[in-house]
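Written out below as structure tokens is the structure these notes cover.
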Amino acid sequence: MEKYRASAEKVLKGIHPDLQAKEALLKATFASQQREEFFNEAYGDILTQYFTSWLSTDPHEVKTREFIYNSALSLGDVKQKLINFETYGKNIPYIEDNEQ
């Protein structure tokens, strides 16, 4: 982080801290929104692939159907874990303040 400090100070010199904070919040909100849209689209595509694969199996292919079903459930677990990490990351400043 220190290696970028000089260039950041040049750009941010003279800008009021409240404006800096507002601009950073807008950028973070935009990035979060883009990331959410990306993962929702990817999640939907993969889940659709699982569903169409499941539909293409015959009823007697129980092991294959169960595998596809469990894979879809695992995908949901991965998505939840990513959401938890992002939520935890957003709360780190508040957690650190409470620990001190």
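The values are calculated or read from the model by the stated rules, or taken from the named source; none is laboratory data. Keep in mind the model is a prediction, meaning the values are calculated, not measured. Heads up, the Cβs are rebuilt from the backbone with ideal geometry, glycines too, and the neighbour counts pull from every protein chain shown.
Numbers below:
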| read-out | value |
| --- | --- |
| Which numbered condition L82 fails, given (1) more than 21 Å from E37 (Cβ to Cβ); (2) at pLDDT below 95 | (1) |
| Pairs where the first residue, in the stretch 4-31, is closer than 25 Å to E86 by Cα and the second is modelled with pLDDT under 70 and surrounded by 10 or more Cβ atoms within 10 Å (Cβ to Cβ), C-beta under 9 Å, 6+ apart | Q20/L12; E23/I15; A28/K90 |
| Identity of the residue in the stretch 1-10, in a helix (DSSP H, G or I) and exposed (fewer than 10 other Cβ atoms within 10 Å of the Cβ), that ends up modelled with the lowest pLDDT | K10 |
| Filtered residues of the stretch 32-51 (kept if surrounded by fewer than 11 Cβ atoms within 10 Å (Cβ to Cβ) and over 15 Å from L73 (Cα atoms)) | Q33, Q34, E37, F38, E41 |
